[in-house]
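First the structure, in the form of C-alpha cells, and then the observations on it.
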Amino acid sequence: MKRWQRAIQDNYGTPTIELVSGKGSVVTDVNGNTYLDFLAGIATNVLGHAHPAIVKAVSKQISTLGHVSNFYAHPNVLELGEKIQKMTGDKSARVFFCNSGAEANEAALKLSRKTGKYRVVATQEAFHGRTMGALSLTGQPSKRNPFKPLIKGIKHVPFGDSSAMKRAITKKTAMVIVEPIMGEAGVIVPPFGYLKQLREMCNQHGVLLVFDCVQTGMGRTGTWFGYEDEKIRPDVITLAKGLGGGLPLGAMITLGSQCPQFEPGEHGTTFGGNPVAAAAGLAAIELITKNRLMVSAKSFEKRLKIKLEAVRGVTEVRGRGLLIGVGLDGDYAKELAGLLANRGVLVNAPNADTIRIAPALIISKVQIDKFISIFAQCMLEVNHG
C-alpha cells in the first residue's frame, strides 16, 4: 500500500486491507470484497458499523452543536455522566471524560498522586496504553523497553497471583491497577475471587484499586464493566473503546467519598465529553439496555465456547461474553488470522498462539455460526494444508 508508506508513519506496520464502508458486522474494502468483522475496531464498535441509532444521534448533534470548551456544560455530557453513574450503581460516582483508554489511565495515574504516594502495582503482560504514563503501567517488555526510562515506582507482578500481589502492596503504595480480563495479553481470565482479594488488600493498606475496563466494559463481558460478578467496588474505573459506540470517548470514574478528586485546573482535555461523542455514547447505552445485548453476549459466549472447543487444534477458549481468546496448539495465530482475512473474516492475533475475537454486540446467531464454520475450515488448512 504505497500511499500509506508515502504519507503515514509506520508504527502500525503497513495494512494489507483498505476498508471503505461498513454496515452492522460486515465491512467492505476498496476492491468490493466483504468481510465479517469479528474484531469491531478491537472491542470498540459495540453496535457495529453505521448503526441507525448512532447515525441519527451524531447527525442530529453535529447539526446543532459540534464542540464547546469544557468551560461550558451541555445536555449530552450531563446526561451521559448521570447514565454512567447509574451503571456503576453508586451515586458517589464522578466522571472525568476524555478520548481514549490511554488518556483515562493517565488520568487515574495522575489522580493517584493526590494520595501523597507514588508507588504503583500493576501486572505483567497487562496493557494500559502507549502514552508514557500508561506505558509505564503496561506490563509488556516489548512495548516498554524501547522507551526507557519510564516512570519510576511501578512494580509488575504476575496476573491472577494474589500471593505475589500481597507481597507487593504496602502502605507506601498509591494504587493497584488491573484489567478484570487481560485483553492484549490474549484474553486471560483471573481465578474467581482474585479481584475481591485485591479489594481486601487495598482496603488493608489504604490503597486505591483501579480497574481498567477499557476492553471489558460497555456490556461486552455480559455486565457493564466486567468485574461485577465478584460483587465489589473499585475506587476508580477507566472506560473507553465501546463507550463512544465507535467515536473517540473515554472516561475515568471515581467511586466513594474517600477517593481523591481533581480540583479546578488540575486536569483537563480539549475534546473529552464533547457533544457529538457524548451523543453517540448515549445512543450506545440506550440500545445495549433496550435490546438486552448483555444477555445475548453471555448466550453467544456459551455457543462460541462449545463449538470452538470442538475444533481440532484449539486447546482452550477463554473469556467472557463477546471478548474471547482462542488458544491454539502452536505458534501460528498470525498465519491463521491472515488466512481468515483471505476467507472474509477479520480477527486479531494478540500473541503467537491466540486468536482474539470481539465482535459487535449486535452480532447474530447466523454470523456466529458462519464464523465458526470458516474458522474450522481455516484451522484444517493451517494444520494440514
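Order these by the 10 Å Cβ neighbour count, fewest first: Phe271, Phe147, Phe96. Display every interim value, and only then the final one.
Details: Phe271 15, Phe147 11, Phe96 24.
With the fewest neighbours first, Phe271, Phe147, Phe96 line up as Phe147, Phe271, Phe96.
If you line up the Cα atoms of the range 95-178 on their principal axes, what length do they span on each, largest first, in Å?
Rounded to whole Å, the extents work out to 35, 30, 23 Å.
Taking the Cα centroid of the range 102-143 and of the range 344-372, what is the distance between the two, rounded to the nearest whole Å?
Between the Cα centres of the range 102-143 and the range 344-372 lies a distance of 29 Å.
Quick one: order Cys259, Cys98 by neighbouring beta-carbon count within 10 Å, fewest to most.
Cys259, Cys98
For the chain, what is the mean residue ellipticity at 222 nm derived from helices alone (per DSSP H run of n ≥ 4: -39500 (n - 2.57); sum divided by total residues; nearest 500 deg cm²/dmol)?
Rounded to the nearest 500, it is -11000 deg cm²/dmol.
What aspartates and glutamates sit close enough to Lys148 to cross-link, taking a C-alpha to C-alpha distance under 19 Å and skipping anything fewer than 8 places away on the same chain?
Lys148 reaches Glu106, Glu125.
Among 133-146, 20-33, what's the highest-first ranking by average C-beta atoms within 10 angstrom per residue?
Going from most to least packed, we get 133-146, 20-33.
I need Thr270, Thr44 ordered by Cβ neighbour count within 10 Å, fewest first.
Numbers: Thr270 10, Thr44 23.
Lowest count first: Thr270, Thr44.
Across bins of 5 angstrom width beginning at 0, how are the C-alpha pair distances of the range 40-86 distributed, in whole percent?
Pair shares across the bins are 5, 16, 17, 23, 25, 12, 2.
Nearest 5 percent is fine: what portion of the DSSP beta bridges confined to the chain is antiparallel?
Roughly 65 percent of the beta bridges in the chain run antiparallel, per DSSP.
Return the subset of Lys155/Lys231; Lys152/Lys172; Lys86/Lys365; Lys196/Lys231 for which the Cα-Cα distance in this structure is over 19 Å, preserving the input order.
Lys155/Lys231; Lys86/Lys365, as the Cα separations exceed 19 Å there.
Using the basic label-point model (7 angstrom from Cα toward the beta carbon), what is the Val68 to Gln261 distance in nanometres?
Calculated label separation equals 2.1 nm.
Between their Cα atoms, which of Lys23/Lys241; Lys56/Lys91; Lys56/Lys370; Lys298/Lys370; Lys23/Lys370 are more than 23 Å away from each other? Before the final figure, lay out the partial values.
Numbers: Lys23/Lys241 19 Å; Lys56/Lys91 30 Å; Lys56/Lys370 30 Å; Lys298/Lys370 18 Å; Lys23/Lys370 17 Å.
Where the Cα-Cα span goes over 23 Å, the pairs concerned are Lys56/Lys91; Lys56/Lys370.
Of the peptides 149-160, 218-229, 110-121, 168-179, how do they stack up when ordered by the mean number of other Cβ atoms within 10 Å, highest first?
Working: 149-160: 15.4, 218-229: 24.1, 110-121: 18.2, 168-179: 20.6.
Top of the packing list down: 218-229, 168-179, 110-121, 149-160.
Here, each number is a calculation from the coordinates, and none is a lab measurement. Keep in mind the model is a prediction, meaning the values are calculated, not measured. So basically every Cβ, Gly included, is an ideal-geometry build from the backbone, and we count neighbours across all protein chains shown.
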